[in-house]
Amino acid sequence: MTLADVTPSPRRGISRRQALKVVAATAAIPVAVTGWRLLGPAATFHTWEGEVLGAVSSLTLYHSNATYARRTIDRMIAEVRRLEAVFSLFHPTSELSRLNASGRIGGASRDLVTVMEAARAAGEVTGGAFDTTVQPLWDVYAAHFARPGADPAGPSAAVVESARRLVGYRNIEIGSRSVAFAEPGMMATLNGIAQGYITDTVADILRNEGFNHVVVELGETRVVGDHPDGRPWRVGLRNQEGATDRMIDLADGSVALHGGYGTVFDPEGRNHHIFDPSTGLSAHRVADVVVLSPRAIVADAIGVGLYVTGEERAAAIIAAYPGTKATFTRTDGTRVSIG
């Protein structure tokens, strides 16, 4: 089960992907479409809304032909569903679910291999702060807090350490058509990178097909081109309290927001879904981090790594991905931008 597929009780907050706190860029657009309603014969917005890998999602195209726009969106959603069959942990027949169940998958799709390779590269760049094999930690924390009267301090140190020993992205063996775990009991979650990959896949297809004004919100946010009126898209970012406290301009790029307040296990929020692989505990160096990058897969994965590491190693991490920059919100509420 993925992090986003879990529906916590109200006291535990909201799902990870809802907690990205990125307000849909189209919310600031004065002319919009609900469903497939066309407002006029001129070019206008055409929007689909739904769910992708547990995330509230949307796709918005600007085009003058409503029929063509709808058919294009239908094709993009078909592509999204195909990729869900690769990356979803919620569906037992997905490639990732089968990998976790057996420890190896042969005949792996190029999509799975590509994302696993990108995840390994992100693991190297972040010094292991981004690690796709933290799923055993998630399972331990979820099981602990599901029990009535669970200790709010979290699982015992021994239980956490037992799960942490299964964490290690370098113990994933990646072949041209296969992926395997080197140690029994290992499991992976691609929630910190697959949404970015799906977002980029759809955005790249649409750009190649000549769409110049697109907003893709498929777990991560990426825009193609600028707003049709010639300005950047306006994206609102919500803080820990759920209020929109920042607005950024975005054109031809992506944004991701990572904060430990997304899915919290205990009332105080000390135990949350972004784990430090080196300790097995939830990371608390910063309040959140916003990453801007040309590619959503980078903003997604690097954002997780930067949240775990904090400011100290941020410059070196960001330098590995040209065009990328990050803004940290510190625990005292101050902010610093790097890159």
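Every read-out reported here was derived from the displayed coordinates using simple, explicitly stated rules and does not represent laboratory data. Since the structure is predicted, the reported quantities are computational estimates derived from the model, not experimental observations. Note: ideal-geometry Cβ built from the backbone for every residue, glycine included; neighbour counts use all protein chains shown.
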### Cα-projected label distance for H284 with A316, points at 7 Å along beta-carbon direction, nm
2.6
### Task
As a check on your grasp of the helix formula, calculate [θ] at 222 nm for the chain: sum -39500 (n - 2.57) over DSSP H runs of n ≥ 4, divide by the residue count, round to the nearest 500.
-9500 deg cm²/dmol
### Query
Considering every pair of different Cα atoms, what Kirkwood radius, in Å, is found for the stretch 95-181?
14.3
### Query
If you take the alpha carbon radius of gyration of the chain and divide it by 2.2 N^0.38 Å, what ratio comes out, to two decimals?
0.97
### Message
Defining a contact as two alpha carbons under 8 Å apart and six or more residues distant in sequence, what relative contact order in percent does the chain show?
### Response
19
#### Entry: Gyration tensor (Cα) of the stretch 33-129, equivalent ellipsoid semi-axes in angstrom
35, 16, 12
#### Entry: Electrostatic dipole magnitude of the stretch 172-299 [Cβ: Lys, Arg +1; Asp, Glu -1; Cα centre; debye, to 20]
80
### Query
By how many degrees, 0 to 90 and rounded to 10, does the Cα axis of helix 110-125 deviate from the longest principal axis of the chain?
60
### Query
In whole Å, what three semi-axes, largest first, describe the equivalent ellipsoid of the stretch 289-339 built from its Cα gyration tensor (square root of 5 times each eigenvalue)?
17, 10, 10
### Task
Working from Cα positions, state the angle (0 to 90°, nearest 10) between the long axis of helix 66-87 and the longest principal axis of the chain.
10
### Summary
Computed ³J(HN,Hα) along the stretch 278-286: with the Karplus parameters 6.51/-1.76/1.60, θ = phi - 60°, integer Hz and x for glycine or proline, the list is 6, 10, x, 9, 5, 6, 9, 6, 9
### Query
What's the extension gain from R104 to E79 if we count 0.36 nm per residue and subtract their Cα-Cα distance?
6.5 nm
### Query
How would you order 296-308, 226-238 from highest to lowest mean count of nearby Cβ atoms within 10 Å?
296-308, 226-238
### Positive-pole candidate from G107, V179, V134, dipole of the stretch 95-181, charges at beta carbon
G107
### Cα-centre dipole for the chain with unit charges at Cβ (Lys and Arg positive, Asp and Glu negative), debye to 20
260
### Task
Treat every Asp and Glu Cβ in the stretch 235-338 as -1 and every Lys and Arg Cβ as +1, leave all other atoms uncharged, and give the resulting dipole magnitude about the Cα centre to the nearest 20 debye.
180
### Task
Give me the number: length gained by fully extending A182 to A251, i.e. 0.36 nm times residue separation minus the C-alpha to C-alpha distance, one decimal in nm.
20.7 nm
## Note on the structure
Note on the stretch 164-236: C-alpha Rg/Rh, Kirkwood Rh, two decimals, gives 1.19
### Query
Full extension from E173 to T93: what is 0.36 nm times the residue separation minus their Cα-Cα distance, to one decimal in nm?
26.7 nm
### Summary
Sorting F265, S278, Q195 by the position of each Cα along the dipole of the chain (Lys, Arg +1; Asp, Glu -1; all at Cβ), the one nearest the positive end of that ordering is Q195
